[in-house]
Amino acid sequence: MTKIKNFFLTTTIYYINDVPHIGHAYTTIAADILARFHRLLGEKTFFLTGLDENSQKTVLAAEKSGQDLRTYTDDLAKIWETTWKKLGITNDDFIRTTQVRHKKVVTDFFQKVLDNGDVYKSKYEGLYCVGHEAFLKESDLDENGFCPDHKTKPEQIAEENYFFRLSKYQEQLLKFYKENPDFVLPHQRFNEVVKFVESGLQDISVTRASQKWGIPAPNDPKQVIYVWFDALINYLSAEPPLWPADLHLIGKDITRFHAVIWPAMLLSAGYPLPKQIFAHGFFTVDGTKISKSLGNAIDPVKISQDYGNDSLRYFLFHEFPFGNDGDFSFDRLKEVYNSDLANGLGNLVSRVARLAENLSLPGVEFPEKPLLDSAFRIHLENLEFLEALEYVWGKIRKTDKEIEKSKPWELAKENPEKAKAAVENLIRQIVEIDELLLCFLPETAEKIKDQFSQDKIKSSAPLFPRRG
Ligand code: MSP
């Protein structure tokens, strides 16, 4: 008997100082495409996402909203969870770092690191950026002494807290990187990580004496565990425990936390390391960085209401290669929608349905377990979303050409049997295309299946009505 493969995949867990924007949706939809793909391959797939709630940002946002922390976090958590539901995300668990199950795992983990002698008390003095939830160096700041990403002045912190011996793991990490050359993808990001570790690791402070919101350190409950130390452990708190993860999907901004600190923490606590980390690029909106103050944080639900979930999915992963940076614009969205979805896929499906209807052709059976062409499969195994989509659209164009060439409407006049055979062949191609749409455009794939598996195929309203 062949053993069923497990596939455990995670997204970043998001801060809840605000509602989700399109950048967060990008990571979550990418994970959803992969989760659906691995389920289609017959793998026992587990897709975890959730929220990072024990941050100072949460405290500040709750204060601003005038709500108490509990009400604020519960309200925001509902918004995030509902957003993913509206976008058709198929996560298997939704972790919140304020949940008891997570707190327990974090406390046990911290205890293991303590027992291993990797935590010591020391004095910390430095510049803390709440936006980053990390200490910054003078050299990280702009000429006015501000954090260049958050445009805020970091706080000067001086306190006694507990440090994690990150430096102890430098050689072990470098050895692991060498033995696992695909641990971080794209390779360019991995090279940056290796260079950073080679340049020398310093111990990091992993508790906060001055904060109250967070998980108490088991050795000194007056201090709370550093939010990043706490948040990374979410990957272990999922139920059932499936560790190690096959893939952590993250944005490139947080590569070091995942590729350096997290593996060192795991080595210290005695857990195996995750198999792979993929750090995707960032996109701008109309050429500008997404930021709250600029008010250009686009609501993914709004786009899905205007264009549909599948159009958003197609657009996000068709615009630029996964791993690269790119740009989002409404003009491009409309352009791509009209050319690739309305005129491309939508038009092909309508044409074939109309031809089938004119010849009174019966519907066909769709395979229970899709075969998925190997070229497409390889692209998705390598997280080449754009290339996978191009492969499918290549098939769409090819089928369109076949219609032009075989001209079934002319054949129907002289040789109805030949016309039927030609259209049946086109229907087979639609079935093949449909299989390949299952993970990218699941709602559309379902509609096409419904339309082409009826007793008699009928034409229907366009899948993607053109936008003027
Ligand atoms: N809470 C931490 C992560 C802890 S993981 C153990 C965090 N949260 S966040 O809310 O700031 O989310 C950051 C993530 O959102 C990025 O890593 C990326 O996945 C996604 N994105 C946010 N803005 C983005 C873009 N403009 N473009 C693409 N992805 C973006 O960091």
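I'd like the full set of residues that are more than 24 Å from residue 59 (Cα to Cα), of a type outside the set (Gly, Ala, Ser) and part of a helix (DSSP H, G or I), limited to region 104-160.
Scanning region 104-160 gives 108, 109, 111, 112, 113, 114, 115, 138, 140.
When residues of region 232-266 are filtered for being among the charged types (D, E, K, R) and within 13 Å of the ligand (Cβ to nearest atom), how many remain?
Here the count works out to 3.
Before we move on, is residue 342 at pLDDT 95 or above and assigned to a helix (DSSP H, G or I)?
Values: at pLDDT 95 or above: yes; assigned to a helix (DSSP H, G or I): yes.
Yes: the conditions hold for residue 342.
Quick check: is even one residue across region 284-297 within 11 Å of the ligand (Cβ to nearest atom), in contact with a Phe, Trp or Tyr (Cβ under 6 Å, 6 or more places away or on another chain) and touching a residue at least 24 places away in the same chain (Cβ under 8 Å)?
Checked region 284-297: at least one residue is within 11 Å of the ligand (Cβ to nearest atom), in contact with a Phe, Trp or Tyr (Cβ under 6 Å, 6 or more places away or on another chain) and touching a residue at least 24 places away in the same chain (Cβ under 8 Å).
With (1) within 14 Å of the ligand (Cβ to nearest atom); (2) acidic (Asp, Glu); (3) part of a helix (DSSP H, G or I) as the list, and residue 74 as the residue in question, which single condition is left unmet?
That leaves (1) as the condition not met.
Determine the pairs where a residue that is touching a residue at least 60 places away in the same chain (Cβ under 8 Å), located within region 242-253, has a partner that is more than 8 Å from the ligand (Cβ to nearest atom) and among the aromatic types (Phe, Trp, Tyr) with Cβ atoms under 6 Å apart, the partner being 6 or more residues away or on another chain.
Correct list of pairs: 242/8; 242/46; 245/8; 246/7; 246/8; 249/278.
Just to be sure I understand, how many residues within region 6-19 are more than 13 Å from the chain's Cα centre (by Cα), within 9 Å of the ligand (Cβ to nearest atom) and not hydrophobic (A, V, I, L, M, F, W, C)?
Of the residues in region 6-19, 3 are more than 13 Å from the chain's Cα centre (by Cα), within 9 Å of the ligand (Cβ to nearest atom) and not hydrophobic (A, V, I, L, M, F, W, C).
Within region 286-297, which residues are assigned to a loop (DSSP other than H, G, I, E, B) and surrounded by fewer than 17 Cβ atoms within 10 Å (Cβ to Cβ)? Spell out the reasoning first.
Of region 286-297, the ones assigned to a loop (DSSP other than H, G, I, E, B) are 286-287, 289-297.
Across region 286-297, the qualifying residues are 286, 287, 289, 291, 292, 293, 294, 295, 296.
Out of all the residues in region 317-334, is one or more modelled with pLDDT of 95 or more, part of a helix (DSSP H, G or I) and under 16 Å from the mean Cα position of the chain (by Cα)?
Yes, region 317-334 contains at least one residue that is modelled with pLDDT of 95 or more, part of a helix (DSSP H, G or I) and under 16 Å from the mean Cα position of the chain (by Cα).
Is it fair to say residue 14 is part of a helix (DSSP H, G or I), modelled with pLDDT of 95 or more and among the aromatic types (Phe, Trp, Tyr)?
Numbers: part of a helix (DSSP H, G or I): no; modelled with pLDDT of 95 or more: yes; among the aromatic types (Phe, Trp, Tyr): yes.
For residue 14, the condition - part of a helix (DSSP H, G or I), modelled with pLDDT of 95 or more and among the aromatic types (Phe, Trp, Tyr) - is not met.
For region 417-426, how many residues meet the condition of being surrounded by 18 or more Cβ atoms within 10 Å (Cβ to Cβ) and closer than 13 Å to residue 360 by Cβ? Break it down stepwise before answering.
Residues of region 417-426 surrounded by 18 or more Cβ atoms within 10 Å (Cβ to Cβ): 419-420, 422-423, 426.
Add one more test, that the residue is closer than 13 Å to residue 360 by Cβ, and what stays is 419-420, 423.
Number of matching residues: 3.
Residue check, residue 89 against (1) in a helix (DSSP H, G or I); (2) touching a residue at least 60 places away in the same chain (Cβ under 8 Å), all met but one. Which one?
Among (1) in a helix (DSSP H, G or I); (2) touching a residue at least 60 places away in the same chain (Cβ under 8 Å), residue 89 violates only (1).
Looking for something of a type in the set (Lys, Arg) and over 17 Å from the mean Cα position of the chain (by Cα) - is there at least one such residue anywhere in region 370-388?
yes
The values are calculated or read from the model by the stated rules, or taken from the named source; none is laboratory data. From a predicted model like this one, the values you see are computed outputs, not experimental measurements. Quick reminder, even Gly has a Cβ in these numbers, built from the backbone with ideal geometry, and neighbours come from all protein chains shown.
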